[in-house]
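Worksheet: one structure, shown below.
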Amino acid sequence: MGWGDLGVFGEPSKETPNLDQMAAEGMLFLDFYTASPLCSPSRAALLTGRLPVRNGFYTTNGHARNAYTPQDIVGGIPDSELLLPELLKKAGYTNKIIGKWHLGHQPQFHPLRHGFDEWFGSPNCHFGPYDSRERPNIPVYRDWDMVGRYYEDFKIDLKTGEANLTQFYLQEALDFISKQQASQQPFFLYWAIDATHAPVYASKQFLGTSQRGLYGDAVREIDDSIGKILKHLQQLGISENTFVFFTSDNGAALISAPRQGGSNGPFLCGKQTTFEGGMREPAIAWWPGHIPAGGVSHQLGSVMDLFSTSLSLAGVQPPSDRQIDGIDLLPVMLQGKLIDRPIFYYRGNELMAVRAGLYKAHYWTWSNSWEEHSKGIDFCPGQSVAGVTTHTQEEHTYLPLLFHLGRDPGEKYPLSFASEEYQRAVESISGLVQQHKASLVPGQPQLNVCDQAVM
């Protein structure tokens, strides 16, 4: 889902009333980022509080190649990583994941081996259908047991876009919350639905209800589901004891737009790229009675911060034997503070760009290859910016392309190399890059991937 998909972020049709209301009752983050412009490494970062180059979800087989884990990849989350549910379990939490795991499909990577107590969902996205003789459809699990497969037991109609998966995921969430409230058990729920990932789907009652087509139908159903979850917390009387955060794993996939892709608002390009459209995400924090209603923050935030913030809420110390990249956002949400920190933009194991304050320096630019582009694969449709959205990998290490995101959120007008503003900003960011690279430990594990793993 993209930054521009919510009414509160300016989407003209305003078809997300529940998320918009969530923002009105909580805090809206305008400058919130994922840790990678692709699904699996960003999810690994969320659950470990660490950049993909630290937690193992990066590639070295091709420069600046994104890493992901479909069913034919053997890698997954390393045992050496400590995931958020593992740490919360020590504080007595019951943990459940609903939906897409995407951190490895082999038994050693199963979420119940990494801190979760319950799971209803799939190791992967709802790709397919496949030939069940040579390549089976992707399984759906309830805890340790496979309960069916996409396109077979869990129907997805590729012609109409109809599927009841979001409704299944919603009911799982409501039932889990009710069970934990009844037993007075603190819980962590990771609700990882994937209806806005192509092939996009929505249940019958939402099909054809959006001005934005099938993708809008999917967004409307997600919005409705979130409204029901928040209402359920209120009806159970536990909303003031429950911290809820909404965000996305990467920007809208413009490669599948317009029918199967969303909006990244004013930002450049989309999923798979380290331009703003690929990595800046919609983000809303909700905690009635604690987070002041109607707050808007310009704090530079990251999905990795949810790791540190959640541990802080639970009174659990983060692990001290490794570098944690997330920060605790509680002072931001509860006291309105701003914490000075940079944002690092990675593709594979390459640091592509860095943001500090309102300045963003690109050390490499690349959208996708000419070979892919010639086949109609375009990560930046209708958004070509000369010298910026390049189809060859362009290095700018010695003279970074610098943008002021306040004046130019679309990254269209690089600052002049000769300006004093450029010199000051690049010098400051270069110091941050040196500190960051010094913190990276050589020889860390990486995900096993194929050369074609660039989707």
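The values are calculated or read from the model by the stated rules, or taken from the named source; none is laboratory data. Not measured: the values here are computed from a predicted model. Please note: Cβ atoms are built from the backbone with ideal geometry, for glycine as well, and neighbour counts cover all protein chains shown. Calculation scope for accessible area: heavy atoms of the full protein, side chains included, ligands and nucleic acids excluded. Shrake-Rupley method; radii C 1.70, N 1.55, O 1.52, S 1.80 Å.
For the reader, a short list of remarks on this structure follows.
- Under 5 Å between amide hydrogens, built in the peptide plane, is the criterion, and for Ala253 it picks out Gly262, Lys271 among residues at least 5 positions away or on other chains.
- Sites matching chymotrypsin sites (Phe, Trp or Tyr not before Pro) across segment 122-228 that sit in DSSP coil, with at most 16 neighbouring C-beta atoms within 10 Å: Tyr130, Trp144
- Debye log10 I(q)/I(0) at q = 0.11 Å⁻¹ for segment 1-160, Cα point scatterers: -0.57
- For Glu11, the residues whose amide H sits under 5 Å from its own are Leu6, ignoring neighbours fewer than 5 places away on the same chain, with H placed 1.01 Å from N.
- Centre separation in Å (Cα based) which lies between segment 172-247 and segment 135-168: 18 Å
- Taking the C-alpha atoms of segment 283-367, convex hull volume expressed per residue in Å³: 125 Å³
- Charge-dipole axis of the chain as Lys and Arg at +1 and Asp and Glu at -1 on Cβ define it, positive-most pick from Ser256, Ile177, Ser369: Ile177
- Which of Ser439, Gly382, Leu399, positive extreme of dipole for the chain (C-beta unit charges): Ser439
- Accessible surface, per residue, of the chain when the full set of protein chains is kept, probe 1.4 Å, Å²: 40 Å²
- Interchain or long-range residues, amide H under 5 Å from Asn124's placed H: Trp101, His102
- Using C-alpha pairs below 8 Å separated by at least 6 residues, the relative contact order for segment 346-439 is 28 percent.
- Centre separation in Å (Cα based) which lies between segment 303-361 and segment 414-440: 20 Å
- Across segment 190-196, computed HN-Hα scalar couplings (Karplus, 6.51 cos²θ - 1.76 cosθ + 1.60, θ = phi - 60°) run 9, 9, 10, 6, 9, 5, 8 Hz from first to last residue, x flagging Gly and Pro.
- Mean Cα-pair separation over length for the chain, i.e. relative contact order, pairs under 8 Å, 6 or more apart, %: 24 percent
- When the trypsin sites (Lys or Arg not before Pro) in segment 110-142 are filtered for DSSP coil states and for at most 15 other beta-carbon atoms within 10 Å of their beta-carbon, the remaining sites are Arg133.
- Taking each DSSP H run with n ≥ 4 as -39500 (n - 2.57) and averaging over every residue of the chain yields -7500 deg cm²/dmol at 222 nm.
- Accessible surface ranking that places the most exposed of Asp20, Asp79, Asp157, Asp305 first, with a 1.4 angstrom probe: Asp79, Asp157, Asp20, Asp305
- A DSSP coil position with no more than 16 other Cβ atoms inside 10 Å describes the following trypsin sites (Lys or Arg not before Pro) in segment 164-266: Arg259.
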